[in-house]
Each structure stands twice: as C-alpha cells, then as structure tokens.
Amino acid sequence: MRRFELAFVLCFTLFGGGTLVSAQDVVDATQRAPLFTSTPTILLRTPDPANLAKFYEALGMKIARVSERGSVFIYHEGNSGSLEILKIDENTQPGGPKTSRTQQGVVVIFETDDLDEVVRRAEAAGSPLIEKWTSSQAPISIYYIADWENNIFGYAPRYHNPNINVP
Amino acid sequence: MKRRSWMAAFAVWVCATAAGAQEPPPLYTSTPTVLLRSPDPEKLAEFYLALGFKAARSGDYGAIIYLENNQGSLEILKMDEGTQPGGAKTTRTQQGVVAIFETTDQAELVRRAKEAGATLIERWTSSERGHSIYYVGDWENNVFGFAPRYHNPNIKVP
C-alpha cells in the first residue's frame, strides 16, 4: 500500500504537473485575502460638476481635463492621485448642512504643502464649515473644510503621519 | 537725483506688494487617509476585516487599518452622538464622496463582500480602458469603490 502511494506521488509529481497541491493549499488559495494597495482616486458627486469644481479650483487644485459629459478631473501634484467631480443621480441630492467634521460617513484627507493658504482660500471661497482638529499625540492640525454642497474633506500637512508612506 | 531714487524705491515697493498679494496655490500631494464615521465603529470594522483589510489597531473606538506597505489608511471611528449614517442606496452614484481603493484580487473581494452581507455590489466597466470597478456598500450603506491595481495609467501608485 505504501509502495503504491509512493508510486502515485512520484507519477503525479513527474507527469501530473510537477507540483503537489494539498487540500490545505486549496483552502488557503480560495480564502486568501486580497491586498489593498492604495486609494488613488476620490469621486465627488454633485448635481452640477462644473459649478462645484470652481470651489476646488479656488482652493488651488488644478483641473487636468473636463470630459464630454462634464466630469471634471483634478490630478494631485506628481499625478499621485485624483479628485474626480462627477454628476450625481438625477433624483438624488447632496447632503445637508453639517455642524461638525464627525457627522459624515466618509471623509478623505488630502495632504498639502501650505495649510494656511488652503484655509485662507476656503474662507475666501465661502466654505460653510472650517473646523480645526489638533492631535493630542503630535503637534499636527488637520483642517476640515466643507464645500458649497456640504461635502467635507480634511486637509493635513504633508507627511503628517509618519506611519504612512506618501509621495 | 534724490527724487529719482525715491521713485525707484516706490516702484520696487509696488511690484513687491503686487507679487505678495498673489500667493502661489498650495500643492495637493496625496490622499493618504480615509475616515469612516459610524455609530458603532467596532461593529462596522468587522465588515472591512471580512473583506480582507488588516487592522493595525482596534478597540471600542473602532479600528485603524493600514493598506499594504503602509501606503495609506482607513480609520473607522465614532460618529457624532446625534447623527446617523446615510440611508440605503440603489446605485453607486448616490453618495457625495466615494473613495476608490486598488486591490490585487477583485474576484475574491466580491466573493467576500457577498459573504459579509454587503448592501450594494455594483460593477462599472470603463468604456475607454476595459477595466471594471466594483462598488460595495457596507452594513451602514457607505459605498467604496474597488479597482484593480494600476487601473489608471495616468496615476502613479505604489
């Protein structure tokens, strides 16, 4: 019996593909977790992309292109990521006013090289919410800024989190 | 002679003031961090761990998740007491802000999302490049996109 098993293993290895695959390998392969490698793209939906894009342009973001459908594409410095301002569903509306940064489900944080200038520009552009948060662990502040449709983004100084590798 | 030098000084001052008034725009260099607010972050974090995200730290405050090689983070935190997550969504185009993660295995991600009870799984396929992005709604109807790695050749990603 043992001799038969050995012969089978030898034949399988030599002629059946060259690699033995155990049942555990099969289980591992089907349950192997996908890797999440980056968040390169942020979408922002609005009834009027051209109008809302003016807010982000006022903050100093640079429009790379506008598509035929009116979607506005903004690339970060060195093309390390993008903000795409797109049309929301016809029958839906942006969220209402917010009194703090901790009300919204998803908040994305941008890094910038000039936080003071971002805040100055946001005030000049008529942002409905500018809230400063200061870390208790490090001397770092993040400003949360709402646009004209009450979408909130965070703005942090570049390299604000030493645990994260950024360009 | 004295008058001329005063005029020159005045001209320099005018030019310097004009230049100073026009500050150069700030540079936006990355979007390393995504925050997700929930009334019960500890519970909601279980959804993302089921998708395959790995928590660097977790507790009753929620979970801090780092992407592969620490290239970014997803932080699931407490929402304001008096507020609630958004309601159910029937399409990917209803939410204001949607962050798109890149992943190495979309099929496995979709399998896990179904198994975890995602409230929305919608596939969008680019007519220009042919790749697909899956939009997945979590238990509180927050929608994220999941694209294949290097899905946009115009963007430099790790």
Requested in this report: Kindly list the residues of the stretch B:75-99 that lie in the label zone of B:D40, defined by a backbone N under 17 Å from the point 7 Å along the Cα-to-C-beta vector.
Outcome: B:76-88
Report summary line: For the stretch A:45-167 the mean separation of alpha carbon contacts under 8 Å (6+ apart) over residue count, i.e. relative contact order in percent, is 24
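If packing is taken as the average count of other Cβ atoms within 10 Å, what order do A:134-146, A:96-108 fall into, highest mean first?
Numbers: A:134-146: 14.5, A:96-108: 18.5.
Result, highest mean Cβ count within 10 Å first: A:96-108, A:134-146.
Quote the FRET efficiency, to the nearest 0.05, computed for B:R57 versus A:K132 with a Förster distance R0 of 22 Å and r equal to the Cβ-Cβ distance. Let's see the in-between values first.
Working: r = 24 Å, r/R0 = 1.11.
The formula returns an efficiency of 0.35 here.
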Report summary line: Dimensionless Rg/Rh of chain B, both radii on Cα and Rh by Kirkwood, sits at 1.27
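Take every residue in peptide A:121-131, count the Cβ atoms of other chains within 10 Å of its Cβ, and give the average of those counts.
0
Let's test the formula: R0 of 22 Å, r as the Cβ-Cβ distance of B:T90 and B:S132. What FRET efficiency results, to the nearest 0.05? Present the calculation step by step, with values, prior to reporting the outcome.
Numbers: r = 19 Å, r/R0 = 0.87.
After rounding, the FRET efficiency stands at 0.70.
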Query raised in the report: Near the amide H of A:V106, under 5 Å away, which other amide H atoms are found, from residues 5 or more places off or on another chain, if H is placed in the peptide plane?
Result: B:R37
Query raised in the report: A:S141 to A:V66: FRET efficiency via 1/(1 + (r/R0)^6), r the Cβ-Cβ distance, R0 30 Å, to the nearest 0.05?
Result: 0.35
Query - Ranking of A:R45, A:R158 by count of other Cβ atoms within 10 Å, fewest first - result: A:R158, A:R45
Report summary line: Output field shielding_mean for B:65-72 (other chain Cβ, 10 Å radius) holds 6
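How high is the relative contact order of chain B, given as a whole-number percent (alpha carbon pairs under 8 Å, six or more residues apart)?
Values: 232 pairs, mean separation 29.8, N = 158.
Answer for chain B is 19 percent.
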Report summary line: Pairs over 30 Å Cα to Cα, from A:K98/B:K114; A:K54/B:K114; A:K54/A:K132; B:K78/B:K114; A:K132/B:K114, come to A:K98/B:K114; A:K54/B:K114; A:K132/B:K114
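Coordinate-derived values only; no laboratory data. Predicted model, so just to flag it, every value in this text is computed and none were measured. Note: ideal-geometry Cβ built from the backbone for every residue, glycine included; neighbour counts use all protein chains shown.
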